[in-house]
Amino acid sequence: MPKQFNEATDESHKAKLAKFAAQVLQEPLQMRLLSDRVYELLTDELKQQKERLGRNYEGRL
């Protein structure tokens, strides 16, 4: 279950994420590493969905 934030904590979290995003956009290597990690997480999720549902999604992507 996702962690619940109060409004002040949520705003602080958003500010930190915005600062991180701005830094990543300034550094091509960081952007590439972040993109690679997002791709890895998405492909892992697709693999898990395929295993959970027992369907073969290969060829549909």
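The values are calculated or read from the model by the stated rules, or taken from the named source; none is laboratory data. Since we're looking at a predicted model, the values are computed, not measured. Glycine gets a Cβ as well: all are built from the backbone with ideal geometry, and neighbour counts include every protein chain shown. The area values use the complete protein model at the heavy-atom level, side chains included, leaving out ligands, DNA and RNA. Shrake-Rupley method; radii C 1.70, N 1.55, O 1.52, S 1.80 Å.
Points worth noting:
- In summary, residue 39 fulfils each of the numbered conditions (1) open to solvent by less than 90 Å² (accessible area, probe 1.4 Å); (2) modelled with pLDDT of 95 or more with the single exception of condition (1).
- Considering the conditions (1) among the aliphatic types (A, V, I, L, M); (2) open to solvent by less than 70 Å² (accessible area, probe 1.4 Å); (3) at pLDDT 95 or above, residue 22 is excluded by exactly one of them, (3).
- Number of the condition not met by residue 3 [criteria: (1) at pLDDT below 85; (2) touching a helix residue (DSSP H, G or I) at 6+ places or on another chain (Cβ under 9 Å); (3) open to solvent by 100 Å² or more (accessible area, probe 1.4 Å); (4) not hydroxyl-bearing (Ser, Thr, Tyr)]: (2)
- For residue 8: the one exception among (1) small (Gly, Ala, Ser); (2) modelled with pLDDT of 90 or more; (3) loosely packed, with under 10 Cβ neighbours inside 10 Å: (2)
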